[in-house]
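S.K.: After the structure tokens below, expect a handful of questions from me.
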Amino acid sequence: CDQNYSWATGYDRNTMVREVFSMVTQRDMDQPYTRSRYCHLYLNGMYWGIYQTQERSEARFASDYLGGSAEDYDVIKVNIDNYQYDDEATDGNISGWNALYDLCGKGFSSNSNYFALEGKDAQGHPVKDAEVMVDIDNLIDYMLTIFYTGNFDAPTTSFRGNSEPNNFFAIDNRSDKSTGFVFFNHDAEHSLMVDPVSPGTGLYEDRVNLHMSVSGPENFYPQWLHYKLTSNAEYRLRFADRVVMHMT
């Protein structure tokens with residue numbers, strides 16, 4: 001059930017659409033997404049209110065929708081035990097995710113580094129048997145949903161000074177070199193706000209121009225990857241092309 005902004009916690013801002021909107025927007029952009037369904041819940045005959053289901057984007061989910069075996073998938077999410085907000089692998093391992101972080105340290109201003117993320121040479125031509133590290137179009141579309149909805153709790157959170165990750169899933173089939181990481185919206189109730197609710201700023205929430213930081217691979221998140229990629233002209237043009245495609 002919805003909790004933040006609900007009447008049960010003293011708020012009247014709950015709409016029950018923010019979370020699902022972020023996910024079905026990924027669907028409408030022809031990206032993988034987690035499905036939801038609204039339902040009226042009864043417990044032992046007592047009406048318990050309106051709830052919503054959501055698929056959990058883990059290895060079994062990836063196997064069902066993206067193909068292959070569940071054992072082949074690495075699934076990265078944020079572990080908030082003891083309020084540490086560190087990345088962890090809930091399925092598979094985190095080595096591919098850490099390798100992507102290491103590439104951010106090298107930067108992507110050169111086309112050779114940028115295209116290498118897609119298993120291509122410096123001219124953008126596919127290299128036989130080269131590994132794709134990330135689905136660039138999926139990353140762009142994911143970031144567009146964050147910017148458009150003004151989500152201030154993902155994939156880095158204003159509640160932690162935009163220096164730690166939160167509320168995203170990253171999935172990669174490590175046995176398939178042709179795919180790379182894809183990203184899923186998750187827990188998106190801190191979005192589409194009209195009134196300023198701290199630490200958000202309401203209707204004019206700006207998630208594009210952030211003062212972000214990442215202290216190490218354990219705090220890595222998709223928006224840091226996007227930020228590093230914006231140093232490359234090819235990526236900026238590709239981002240602009242997808243903005244035009246989706247928003248005009």
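S.K.: What number of residues in region 3-24 are outside any loop (DSSP other than H, G, I, E, B), of a type in the set (S, T, N, Q) and either in contact (Cβ under 8 Å) with a residue 12 or more places away in the chain or touching a strand residue (DSSP E or B) at 6+ places or on another chain (Cβ under 6 Å) (or both)?
M.R.: Of the residues in that region, 1 qualify.
S.K.: Quick one: what pairs do we get from region 222-243, first residue free of Cβ contacts under 8 Å to residues at least 12 places away in the same chain, second outside any helix (DSSP H, G or I), C-beta under 9 Å, 6+ apart or different chains?
M.R.: As it stands, the answer is Thr230/Phe108; Ala233/Ser109; Arg236/Thr230, since those pairs meet every condition given.
S.K.: On the basis of being over 21 Å from Arg242 (Cα atoms), charged (D, E, K, R) and in a strand (DSSP E or B), does Asp172 make the cut?
M.R.: Against the criterion (over 21 Å from Arg242 (Cα atoms), charged (D, E, K, R) and in a strand (DSSP E or B)), Asp172 qualifies.
S.K.: Any residue in region 200-218 that's on the phi > 0 side of the Ramachandran plot: show its pairings with residues that are part of a loop (DSSP other than H, G, I, E, B) and surrounded by 14 or more Cβ atoms within 10 Å (Cβ to Cβ) at Cβ separation under 6 Å, as long as the two are six or more apart or on different chains.
M.R.: As it stands, the answer is Gly202/Met193, since those pairs meet every condition given.
S.K.: Of the numbered conditions (1) open to solvent by less than 50 Å² (accessible area, probe 1.4 Å); (2) at pLDDT below 95, Ala170 fails exactly one; give the number of that condition.
M.R.: Every listed condition holds for Ala170 apart from (2).
S.K.: Can you give me the number of residues within region 190-205 that are polar (S, T, N, Q) and either under 24 Å from Leu103 (Cβ atoms) or open to solvent by less than 10 Å² (accessible area, probe 1.4 Å) (or both)?
M.R.: Result for region 190-205: 1.
S.K.: Exactly one condition in (1) in a loop (DSSP other than H, G, I, E, B); (2) surrounded by fewer than 12 Cβ atoms within 10 Å (Cβ to Cβ) is not met by Val244; state its number.
M.R.: Only one criterion in (1) in a loop (DSSP other than H, G, I, E, B); (2) surrounded by fewer than 12 Cβ atoms within 10 Å (Cβ to Cβ) is unmet by Val244, namely (1).
S.K.: Going through region 17-38 one residue at a time, which ones are of a type in the set (Asp, Glu) and open to solvent by less than 40 Å² (accessible area, probe 1.4 Å)?
M.R.: Glu19
S.K.: Counting only residues that are over 13 Å from Tyr227 (Cα atoms) and touching a residue at least 40 places away in the same chain (Cβ under 8 Å), which one in region 96-105 is most open to solvent (accessible area, probe 1.4 Å)?
M.R.: Asp102
S.K.: Would you mind telling me which numbered condition in (1) touching a Phe, Trp or Tyr at 6+ places or on another chain (Cβ under 7 Å); (2) surrounded by 19 or more Cβ atoms within 10 Å (Cβ to Cβ); (3) part of a loop (DSSP other than H, G, I, E, B) Asn151 fails?
M.R.: Answer for Asn151: the failing condition is (1).
S.K.: Then there is this: Report whether or not Phe108 is under 27 Å from Met16 (Cβ atoms) and either in contact (Cβ under 8 Å) with a residue 40 or more places away in the chain or open to solvent by 10 Å² or more (accessible area, probe 1.4 Å) (or both).
M.R.: No, not satisfied.
S.K.: Sort through Gly96, Gly92 and tell me the only one that's of a type outside the set (D, E, K, R) and at positive phi.
M.R.: Gly92 is the lone residue from the list that is of a type outside the set (D, E, K, R) and at positive phi.
S.K.: Also, quick follow-up: Out of all the residues in region 175-189, which are surrounded by 20 or more Cβ atoms within 10 Å (Cβ to Cβ), in a loop (DSSP other than H, G, I, E, B) and of a type outside the set (Gly, Ala, Ser)?
M.R.: Within region 175-189, Thr179, His186, Glu189 qualify.
S.K.: Further question: From (1) among the β-branched types (Val, Ile, Thr); (2) open to solvent by less than 10 Å² (accessible area, probe 1.4 Å); (3) within 21 Å of Glu234 (Cα to Cα), pick out the condition that doesn't hold for Thr156.
M.R.: Only one criterion in (1) among the β-branched types (Val, Ile, Thr); (2) open to solvent by less than 10 Å² (accessible area, probe 1.4 Å); (3) within 21 Å of Glu234 (Cα to Cα) is unmet by Thr156, namely (3).
The values are calculated or read from the model by the stated rules, or taken from the named source; none is laboratory data. This structure is a prediction, so every number in the text was calculated from the model and none was measured. Note that we place each Cβ from the backbone using ideal geometry, even for glycine, and neighbour counts take in every protein chain shown. The protein model used for the area step is the full one, side chains on, heavy atoms only, and it has no ligands, DNA or RNA in it. Shrake-Rupley method; radii C 1.70, N 1.55, O 1.52, S 1.80 Å.
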